[in-house]
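Q: Here it is: the structure, laid out below.
The values are calculated or read from the model by the stated rules, or taken from the named source; none is laboratory data. Only a predicted model underlies this, so the values are computations on that prediction, with no experimental measurement involved. Positions of Cβ are backbone-derived with ideal geometry, glycine not excepted, and every protein chain shown enters the neighbour counts. Surface areas here come from the heavy atoms of the whole protein model, side chains and all, with no ligands, DNA or RNA. Shrake-Rupley method; radii C 1.70, N 1.55, O 1.52, S 1.80 Å.
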Amino acid sequence: MSEARARIPLNWPAVFMFLITTVPVLTVFPWYAWKFGFDAFEWTWFVVLCFLTGLSITGGYHRLWAHRSYEASKPLQIVYMLLGAMSLQNSILIWASSHRVHHRYVDDVDKDPYSINRGLWFAHMGWMLRDYPSGKVNIANAKDLEANPIVMFQHRYYLWLAVGMNLGIPLLLGWWHGDIWGSLLLPGLLRLVVSHHVTFFINSLAHYWGRRPYTSENTARDNDLLAFLTYGEGYHNFHHIFQWDYRNGVRWWQYDPTKWLIRTCAALGLASGLRRVPEFQIRKALVERQIERARERLAECDDPSLLKRLQAQLEQEASHLAELIGHWAALQQEKIEATKQKLLHQWNESEAHKKLQGLEESLRLQQRRVRLIGRLQVA
Ligand SMILES: [Zn+2]
Ligand SMILES: [Zn+2]
(Lines give C-alpha, C1' and ligand atoms only; values in the text may rest on other atoms or scores of the structure.)
(Ligands and ions follow the chains in the order given, each with its own letter.)
Protein backbone atom coordinates (compact mmCIF):
# COMPACT_ATOMS: atom_id res chain seq x y z
CA MET A 1 0.00 0.00 0.00
CA SER A 2 2.72 2.47 1.02
CA GLU A 3 4.77 1.45 -2.04
CA ALA A 4 1.78 2.08 -4.31
CA ARG A 5 1.21 5.42 -2.59
CA ALA A 6 4.84 6.42 -3.02
CA ARG A 7 4.42 6.11 -6.77
CA ILE A 8 1.72 8.77 -6.74
CA PRO A 9 3.44 12.13 -7.25
CA LEU A 10 3.32 14.75 -4.53
CA ASN A 11 1.00 17.69 -5.04
CA TRP A 12 3.80 20.25 -4.75
CA PRO A 13 1.74 23.47 -4.56
CA ALA A 14 -0.23 22.04 -1.59
CA VAL A 15 2.89 20.61 0.10
CA PHE A 16 4.66 23.96 -0.32
CA MET A 17 1.67 25.90 1.04
CA PHE A 18 1.41 23.68 4.12
CA LEU A 19 5.19 23.89 4.72
CA ILE A 20 5.39 27.67 4.58
CA THR A 21 2.44 28.00 6.95
CA THR A 22 3.00 25.12 9.41
CA VAL A 23 6.79 25.39 9.93
CA PRO A 24 6.73 29.09 11.02
CA VAL A 25 3.74 28.38 13.30
CA LEU A 26 5.79 25.71 15.07
CA THR A 27 9.04 27.73 15.22
CA VAL A 28 8.83 31.51 14.73
CA PHE A 29 5.41 31.87 16.37
CA PRO A 30 6.33 30.39 19.82
CA TRP A 31 9.66 32.24 19.78
CA TYR A 32 7.93 35.57 19.08
CA ALA A 33 5.21 34.85 21.68
CA TRP A 34 7.87 34.12 24.34
CA LYS A 35 10.11 37.06 23.40
CA PHE A 36 7.53 39.83 22.73
CA GLY A 37 4.09 38.41 23.51
CA PHE A 38 0.79 39.39 21.92
CA ASP A 39 -1.76 41.90 23.18
CA ALA A 40 -5.57 42.07 23.36
CA PHE A 41 -5.81 43.83 19.97
CA GLU A 42 -4.01 41.00 18.19
CA TRP A 43 -5.97 38.26 20.02
CA THR A 44 -9.26 40.02 19.29
CA TRP A 45 -8.49 40.23 15.61
CA PHE A 46 -7.34 36.61 15.61
CA VAL A 47 -10.81 35.58 16.88
CA VAL A 48 -12.70 38.01 14.60
CA LEU A 49 -10.85 36.82 11.49
CA CYS A 50 -11.26 33.14 12.51
CA PHE A 51 -15.03 33.72 12.55
CA LEU A 52 -15.14 35.85 9.38
CA THR A 53 -13.07 33.46 7.25
CA GLY A 54 -14.57 30.33 8.86
CA LEU A 55 -18.16 31.51 8.29
CA SER A 56 -17.31 32.39 4.68
CA ILE A 57 -16.33 28.76 4.14
CA THR A 58 -19.33 27.27 5.99
CA GLY A 59 -21.97 29.82 4.93
CA GLY A 60 -20.51 30.62 1.49
CA TYR A 61 -18.38 27.81 0.02
CA HIS A 62 -20.36 25.04 1.70
CA ARG A 63 -24.03 25.86 2.28
CA LEU A 64 -24.46 28.46 -0.49
CA TRP A 65 -22.26 27.32 -3.37
CA ALA A 66 -21.74 23.56 -2.83
CA HIS A 67 -25.32 22.80 -1.69
CA ARG A 68 -27.36 25.79 -2.90
CA SER A 69 -29.39 25.67 0.32
CA TYR A 70 -30.31 29.36 -0.08
CA GLU A 71 -29.68 32.32 -2.37
CA ALA A 72 -27.37 35.22 -1.56
CA SER A 73 -27.32 38.79 -2.86
CA LYS A 74 -24.29 40.01 -4.81
CA PRO A 75 -22.76 42.05 -1.92
CA LEU A 76 -22.92 39.01 0.38
CA GLN A 77 -21.39 36.78 -2.30
CA ILE A 78 -18.52 39.24 -2.77
CA VAL A 79 -17.77 39.24 0.97
CA TYR A 80 -17.86 35.40 1.06
CA MET A 81 -15.68 35.25 -2.05
CA LEU A 82 -12.95 37.54 -0.61
CA LEU A 83 -12.89 36.09 2.90
CA GLY A 84 -13.15 32.57 1.46
CA ALA A 85 -10.01 33.25 -0.60
CA MET A 86 -8.35 34.39 2.64
CA SER A 87 -9.04 30.91 4.10
CA LEU A 88 -6.69 29.46 1.46
CA GLN A 89 -8.75 26.37 0.69
CA ASN A 90 -8.72 26.64 -3.09
CA SER A 91 -11.25 28.44 -5.28
CA ILE A 92 -15.02 28.16 -4.72
CA LEU A 93 -15.38 26.27 -8.02
CA ILE A 94 -12.88 23.53 -7.10
CA TRP A 95 -13.90 23.33 -3.43
CA ALA A 96 -17.63 23.03 -4.15
CA SER A 97 -17.13 20.62 -7.04
CA SER A 98 -15.09 18.15 -4.95
CA HIS A 99 -17.48 18.57 -2.03
CA ARG A 100 -20.39 17.54 -4.27
CA VAL A 101 -18.37 14.44 -5.24
CA HIS A 102 -17.81 13.74 -1.51
CA HIS A 103 -21.58 13.75 -0.88
CA ARG A 104 -22.35 11.67 -3.94
CA TYR A 105 -19.80 8.93 -3.23
CA VAL A 106 -19.38 9.33 0.53
CA ASP A 107 -17.06 6.66 2.07
CA ASP A 108 -16.20 5.10 -1.31
CA VAL A 109 -12.44 4.46 -1.22
CA ASP A 110 -12.00 5.10 -4.93
CA LYS A 111 -14.43 7.94 -5.56
CA ASP A 112 -14.86 9.99 -2.35
CA PRO A 113 -11.94 12.50 -2.51
CA TYR A 114 -11.54 12.43 1.29
CA SER A 115 -12.96 9.03 2.20
CA ILE A 116 -12.62 8.24 5.91
CA ASN A 117 -12.25 4.58 4.93
CA ARG A 118 -8.70 5.43 3.84
CA GLY A 119 -7.81 6.51 7.37
CA LEU A 120 -8.16 9.53 9.62
CA TRP A 121 -4.98 11.23 8.34
CA PHE A 122 -5.95 10.74 4.70
CA ALA A 123 -9.40 12.29 5.32
CA HIS A 124 -7.87 15.16 7.29
CA MET A 125 -4.95 16.26 5.10
CA GLY A 126 -3.39 13.32 3.30
CA TRP A 127 -5.76 13.53 0.35
CA MET A 128 -4.38 16.95 -0.58
CA LEU A 129 -0.70 16.06 -0.43
CA ARG A 130 -0.55 13.73 -3.43
CA ASP A 131 -2.24 13.74 -6.83
CA TYR A 132 -4.58 10.85 -5.99
CA PRO A 133 -6.93 9.85 -8.84
CA SER A 134 -9.83 10.19 -6.35
CA GLY A 135 -8.94 13.84 -5.87
CA LYS A 136 -8.84 14.68 -9.57
CA VAL A 137 -10.99 17.75 -10.12
CA ASN A 138 -13.85 17.42 -12.58
CA ILE A 139 -16.01 20.53 -12.64
CA ALA A 140 -18.68 18.89 -14.82
CA ASN A 141 -20.89 18.80 -11.69
CA ALA A 142 -20.62 22.57 -11.20
CA LYS A 143 -22.15 24.07 -14.34
CA ASP A 144 -24.26 26.40 -12.16
CA LEU A 145 -21.11 27.79 -10.57
CA GLU A 146 -19.39 28.22 -13.94
CA ALA A 147 -22.29 30.54 -14.85
CA ASN A 148 -21.71 32.69 -11.75
CA PRO A 149 -19.42 35.69 -12.57
CA ILE A 150 -18.37 36.17 -8.91
CA VAL A 151 -17.30 32.52 -8.62
CA MET A 152 -15.44 32.65 -11.93
CA PHE A 153 -13.71 35.94 -11.09
CA GLN A 154 -12.37 34.37 -7.90
CA HIS A 155 -11.33 31.21 -9.78
CA ARG A 156 -9.41 33.23 -12.38
CA TYR A 157 -7.60 35.50 -9.91
CA TYR A 158 -7.55 33.09 -6.98
CA LEU A 159 -3.81 33.26 -6.24
CA TRP A 160 -3.73 37.06 -6.30
CA LEU A 161 -6.82 37.31 -4.11
CA ALA A 162 -5.58 34.69 -1.64
CA VAL A 163 -2.11 36.19 -1.25
CA GLY A 164 -3.45 39.75 -1.31
CA MET A 165 -6.01 39.10 1.45
CA ASN A 166 -3.60 37.07 3.60
CA LEU A 167 -0.90 39.72 3.50
CA GLY A 168 -3.03 42.83 3.00
CA ILE A 169 -5.40 42.50 5.99
CA PRO A 170 -2.73 41.59 8.61
CA LEU A 171 -0.42 44.33 7.25
CA LEU A 172 -3.25 46.84 7.51
CA LEU A 173 -3.99 45.74 11.08
CA GLY A 174 -0.29 45.91 11.97
CA TRP A 175 0.04 49.40 10.50
CA TRP A 176 -3.05 50.54 12.43
CA HIS A 177 -1.79 48.98 15.67
CA GLY A 178 1.90 49.82 15.21
CA ASP A 179 3.17 46.22 15.27
CA ILE A 180 3.46 44.64 11.83
CA TRP A 181 5.05 41.34 12.95
CA GLY A 182 2.54 40.72 15.74
CA SER A 183 -0.38 41.06 13.30
CA LEU A 184 1.30 39.01 10.59
CA LEU A 185 1.89 36.18 13.06
CA LEU A 186 -1.35 36.05 15.09
CA PRO A 187 -4.38 37.29 13.06
CA GLY A 188 -2.39 36.38 9.92
CA LEU A 189 -0.51 33.12 10.20
CA LEU A 190 -1.90 31.32 13.28
CA ARG A 191 -5.45 32.20 12.23
CA LEU A 192 -4.82 30.63 8.81
CA VAL A 193 -3.40 27.37 10.19
CA VAL A 194 -6.12 27.06 12.86
CA SER A 195 -8.91 27.68 10.35
CA HIS A 196 -7.37 25.10 7.98
CA HIS A 197 -7.49 22.36 10.59
CA VAL A 198 -10.95 23.38 11.78
CA THR A 199 -12.29 22.82 8.24
CA PHE A 200 -10.28 19.60 7.85
CA PHE A 201 -11.90 18.26 11.04
CA ILE A 202 -15.20 18.14 9.17
CA ASN A 203 -13.74 15.66 6.69
CA SER A 204 -11.87 13.64 9.30
CA LEU A 205 -13.36 13.74 12.83
CA ALA A 206 -16.94 14.46 11.71
CA HIS A 207 -16.82 11.11 9.86
CA TYR A 208 -15.23 9.29 12.78
CA TRP A 209 -16.30 10.50 16.21
CA GLY A 210 -19.86 11.07 17.41
CA ARG A 211 -23.39 9.74 17.18
CA ARG A 212 -25.57 8.80 14.24
CA PRO A 213 -29.15 9.79 15.11
CA TYR A 214 -30.51 10.08 11.56
CA THR A 215 -28.79 7.51 9.37
CA SER A 216 -26.27 4.68 9.53
CA GLU A 217 -25.88 4.53 5.78
CA ASN A 218 -22.67 6.55 5.89
CA THR A 219 -19.94 7.39 8.42
CA ALA A 220 -21.01 11.02 9.06
CA ARG A 221 -21.50 11.87 12.77
CA ASP A 222 -23.17 14.50 14.94
CA ASN A 223 -20.76 15.87 17.53
CA ASP A 224 -21.45 18.93 19.72
CA LEU A 225 -17.80 19.70 20.44
CA LEU A 226 -16.99 19.61 16.73
CA ALA A 227 -20.03 21.80 16.03
CA PHE A 228 -18.62 24.32 18.51
CA LEU A 229 -15.24 24.33 16.75
CA THR A 230 -16.59 24.33 13.18
CA TYR A 231 -19.26 27.06 13.27
CA GLY A 232 -22.06 24.49 13.39
CA GLU A 233 -20.82 22.01 10.79
CA GLY A 234 -20.34 19.28 13.41
CA TYR A 235 -23.94 18.12 12.95
CA HIS A 236 -22.66 16.16 10.02
CA ASN A 237 -24.94 13.11 10.27
CA PHE A 238 -27.96 15.39 9.76
CA HIS A 239 -26.12 17.22 6.99
CA HIS A 240 -25.34 14.07 4.99
CA ILE A 241 -28.95 12.89 4.95
CA PHE A 242 -30.51 16.33 4.34
CA GLN A 243 -27.70 18.15 2.55
CA TRP A 244 -29.81 20.88 0.97
CA ASP A 245 -31.16 22.18 4.31
CA TYR A 246 -29.51 25.51 5.18
CA ARG A 247 -29.25 24.34 8.80
CA ASN A 248 -26.85 21.69 10.10
CA GLY A 249 -27.84 22.04 13.75
CA VAL A 250 -31.53 21.63 13.05
CA ARG A 251 -32.83 22.15 16.62
CA TRP A 252 -33.11 25.74 17.87
CA TRP A 253 -30.74 25.02 20.75
CA GLN A 254 -28.02 23.41 18.64
CA TYR A 255 -24.95 25.65 18.25
CA ASP A 256 -24.89 26.53 14.56
CA PRO A 257 -23.65 30.13 14.05
CA THR A 258 -23.70 29.55 10.27
CA LYS A 259 -27.49 29.04 10.32
CA TRP A 260 -27.87 32.16 12.53
CA LEU A 261 -25.74 34.14 10.08
CA ILE A 262 -27.86 32.98 7.12
CA ARG A 263 -31.07 33.85 8.99
CA THR A 264 -29.72 37.29 9.93
CA CYS A 265 -28.72 37.92 6.31
CA ALA A 266 -32.24 36.90 5.23
CA ALA A 267 -33.76 39.34 7.75
CA LEU A 268 -31.51 42.09 6.32
CA GLY A 269 -32.55 41.27 2.75
CA LEU A 270 -29.13 39.87 1.83
CA ALA A 271 -30.27 36.23 1.53
CA SER A 272 -33.48 34.51 0.42
CA GLY A 273 -35.03 31.15 -0.44
CA LEU A 274 -33.76 29.39 2.70
CA ARG A 275 -34.47 25.68 2.20
CA ARG A 276 -35.68 23.46 5.06
CA VAL A 277 -36.50 19.77 5.21
CA PRO A 278 -40.13 19.27 6.35
CA GLU A 279 -40.25 18.35 10.04
CA PHE A 280 -42.06 15.05 9.38
CA GLN A 281 -39.18 13.80 7.20
CA ILE A 282 -36.71 14.56 10.00
CA ARG A 283 -38.93 12.80 12.55
CA LYS A 284 -39.32 9.79 10.23
CA ALA A 285 -35.53 9.43 9.86
CA LEU A 286 -35.10 9.65 13.66
CA VAL A 287 -37.73 6.98 14.36
CA GLU A 288 -36.42 4.59 11.70
CA ARG A 289 -32.94 4.91 13.16
CA GLN A 290 -34.29 4.22 16.68
CA ILE A 291 -35.88 1.01 15.47
CA GLU A 292 -32.64 0.01 13.75
CA ARG A 293 -30.67 0.60 16.96
CA ALA A 294 -33.17 -1.41 19.02
CA ARG A 295 -32.75 -4.33 16.56
CA GLU A 296 -28.96 -4.12 16.88
CA ARG A 297 -29.16 -4.10 20.69
CA LEU A 298 -31.54 -7.05 20.76
CA ALA A 299 -29.19 -9.08 18.57
CA GLU A 300 -26.72 -9.03 21.50
CA CYS A 301 -29.15 -10.95 23.75
CA ASP A 302 -27.85 -14.50 24.33
CA ASP A 303 -31.05 -16.15 25.65
CA PRO A 304 -32.67 -17.63 22.48
CA SER A 305 -36.25 -17.86 23.82
CA LEU A 306 -36.17 -14.36 25.33
CA LEU A 307 -34.60 -13.05 22.10
CA LYS A 308 -37.39 -14.57 20.00
CA ARG A 309 -40.10 -13.08 22.21
CA LEU A 310 -38.50 -9.63 22.32
CA GLN A 311 -37.84 -9.62 18.58
CA ALA A 312 -41.48 -10.46 17.84
CA GLN A 313 -42.60 -7.69 20.21
CA LEU A 314 -40.19 -5.18 18.65
CA GLU A 315 -41.29 -6.00 15.09
CA GLN A 316 -44.93 -5.58 16.13
CA GLU A 317 -44.19 -2.20 17.74
CA ALA A 318 -42.06 -1.15 14.76
CA SER A 319 -44.80 -1.92 12.24
CA HIS A 320 -47.36 -0.07 14.38
CA LEU A 321 -44.98 2.90 14.55
CA ALA A 322 -44.40 2.77 10.78
CA GLU A 323 -48.18 2.84 10.28
CA LEU A 324 -48.51 5.86 12.59
CA ILE A 325 -45.68 7.69 10.80
CA GLY A 326 -47.32 6.93 7.46
CA HIS A 327 -50.63 8.44 8.63
CA TRP A 328 -48.89 11.37 10.22
CA ALA A 329 -46.82 12.12 7.09
CA ALA A 330 -49.93 11.89 4.90
CA LEU A 331 -51.80 14.33 7.17
CA GLN A 332 -48.82 16.69 7.16
CA GLN A 333 -48.86 16.60 3.37
CA GLU A 334 -52.61 17.28 3.47
CA LYS A 335 -51.99 20.24 5.78
CA ILE A 336 -49.47 21.67 3.28
CA GLU A 337 -52.00 21.20 0.44
CA ALA A 338 -54.78 22.81 2.53
CA THR A 339 -52.54 25.80 3.28
CA LYS A 340 -51.80 26.12 -0.43
CA GLN A 341 -55.52 25.92 -1.28
CA LYS A 342 -56.38 28.49 1.38
CA LEU A 343 -53.73 30.86 0.06
CA LEU A 344 -54.99 30.33 -3.47
CA HIS A 345 -58.57 31.05 -2.36
CA GLN A 346 -57.42 34.23 -0.55
CA TRP A 347 -55.58 35.25 -3.69
CA ASN A 348 -58.59 34.67 -5.95
CA GLU A 349 -60.70 36.89 -3.68
CA SER A 350 -58.14 39.68 -3.41
CA GLU A 351 -58.06 43.09 -5.08
CA ALA A 352 -54.59 42.37 -6.46
CA HIS A 353 -55.97 39.34 -8.28
CA LYS A 354 -58.66 41.47 -9.94
CA LYS A 355 -56.03 44.07 -10.86
CA LEU A 356 -53.84 41.35 -12.34
CA GLN A 357 -56.74 40.05 -14.45
CA GLY A 358 -57.43 43.59 -15.66
CA LEU A 359 -53.77 44.09 -16.51
CA GLU A 360 -53.60 40.81 -18.42
CA GLU A 361 -56.66 41.86 -20.42
CA SER A 362 -55.10 45.28 -21.27
CA LEU A 363 -51.89 43.49 -22.23
CA ARG A 364 -53.77 41.20 -24.61
CA LEU A 365 -55.59 44.19 -26.17
CA GLN A 366 -52.35 46.11 -26.52
CA GLN A 367 -50.65 43.16 -28.22
CA ARG A 368 -53.57 42.84 -30.63
CA ARG A 369 -53.28 46.56 -31.44
CA VAL A 370 -49.55 46.28 -32.13
CA ARG A 371 -50.15 43.26 -34.36
CA LEU A 372 -52.89 45.15 -36.23
CA ILE A 373 -50.63 48.16 -36.83
CA GLY A 374 -47.96 45.80 -38.14
CA ARG A 375 -50.42 44.26 -40.55
CA LEU A 376 -51.64 47.70 -41.69
CA GLN A 377 -48.06 48.68 -42.50
CA VAL A 378 -47.57 45.49 -44.55
CA ALA A 379 -50.85 46.11 -46.39
ZN1 LIG B 1 -18.93 14.65 4.96
ZN1 LIG C 1 -21.80 19.25 2.59
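Okay, residues lined up against (1) within 30 Å of His177 (Cα to Cα); (2) within 16 Å of ligand 1 (Cβ to nearest atom); (3) open to solvent by less than 20 Å² (accessible area, probe 1.4 Å); (4) in a helix (DSSP H, G or I):
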residue: Phe16; (1), (2), (3), (4): no, no, no, yes
residue: Trp34; (1), (2), (3), (4): yes, no, no, yes
residue: Val79; (1), (2), (3), (4): yes, no, no, yes
residue: Leu83; (1), (2), (3), (4): yes, no, no, yes
residue: Val101; (1), (2), (3), (4): no, yes, no, yes
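Q: Quick check: anything in region 2-19 out of contact with any Leu (no Cβ under 7 Å at 6 or more places or on another chain), within 16 Å of ligand 2 (Cβ to nearest atom) and β-branched (Val, Ile, Thr)?
A: No: region 2-19 contains no residue that is out of contact with any Leu (no Cβ under 7 Å at 6 or more places or on another chain), within 16 Å of ligand 2 (Cβ to nearest atom) and β-branched (Val, Ile, Thr).
Q: Answer with yes or no whether Ile116 is open to solvent by less than 30 Å² (accessible area, probe 1.4 Å), within 16 Å of ligand 2 (Cβ to nearest atom) and closer than 30 Å to Pro149 by Cα.
A: No, not satisfied.
Q: Something else about it: From Val151, Val101, which residue is under 19 Å from Arg63 (Cβ atoms), touching a residue at least 40 places away in the same chain (Cβ under 8 Å) and away from ligand 2 (no atom under 16 Å from the Cβ)?
A: Numbers: Val101 fails: away from ligand 2 (no atom under 16 Å from the Cβ).
Matching residue, one of Val151, Val101: Val151.
Conditions tested, residue by residue: (1) over 23 Å from Ala285 (Cβ atoms); (2) open to solvent by 100 Å² or more (accessible area, probe 1.4 Å).
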residue	(1), (2)
Ala329	no, no
Leu343	yes, yes
Gln346	yes, yes
Leu365	yes, no
Val370	yes, no
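Q: Of all residues in region 242-268, count the ones that are open to solvent by less than 60 Å² (accessible area, probe 1.4 Å) and away from ligand 2 (no atom under 11 Å from the Cβ).
A: So the answer is 13.
Q: Of all residues in region 229-246, which are within 11 Å of ligand 1 (Cβ to nearest atom) and within 9 Å of the chain's Cα centre (by Cα)?
A: Glu233, His239, Gln243
Q: What pairs come out if I take residues in region 317-335 that are within 21 Å of Gln290 (Cβ to Cβ) and pair them with residues that are at pLDDT below 85 and open to solvent by less than 80 Å² (accessible area, probe 1.4 Å) whose C-beta lies under 7 Å away, six or more apart or interchain?
A: Trp328/Phe280; Ala329/Phe280; Gln332/Phe280
Q: Quick check on Tyr231: is it touching a strand residue (DSSP E or B) at 6+ places or on another chain (Cβ under 7 Å) and either more than 12 Å from ligand 2 (Cβ to nearest atom) or open to solvent by less than 10 Å² (accessible area, probe 1.4 Å) (or both)?
A: Numbers: touching a strand residue (DSSP E or B) at 6+ places or on another chain (Cβ under 7 Å): no; either more than 12 Å from ligand 2 (Cβ to nearest atom) or open to solvent by less than 10 Å² (accessible area, probe 1.4 Å) (or both): yes.
Spelling it out, it is not the case that Tyr231 is touching a strand residue (DSSP E or B) at 6+ places or on another chain (Cβ under 7 Å) and either more than 12 Å from ligand 2 (Cβ to nearest atom) or open to solvent by less than 10 Å² (accessible area, probe 1.4 Å) (or both).
Q: Scan region 269-289 for residues that are open to solvent by 60 Å² or more (accessible area, probe 1.4 Å) and among the β-branched types (Val, Ile, Thr) and report the count.
A: Residues that pass the stated criteria total 0.
Q: Identify, by number, the condition in (1) more than 30 Å from Pro213 (Cβ to Cβ); (2) open to solvent by less than 70 Å² (accessible area, probe 1.4 Å) that Leu306 doesn't meet.
A: (1) is the only condition that Leu306 fails.
Q: Still on this structure, I have one more. Find all pairs meeting these conditions: Cβ atoms under 9 angstrom apart; at least six residues apart or on different chains; first residue within region 58-84 and under 18 Å from Ala267 (Cα atoms); second residue of a type in the set (S, T, N, Q) and within 16 Å of ligand 1 (Cβ to nearest atom).
A: Partner pairs satisfying both residue conditions: Gly59/Thr258; Arg63/Ser69; Arg63/Asn248; Arg63/Thr258; Ser69/Gln243.
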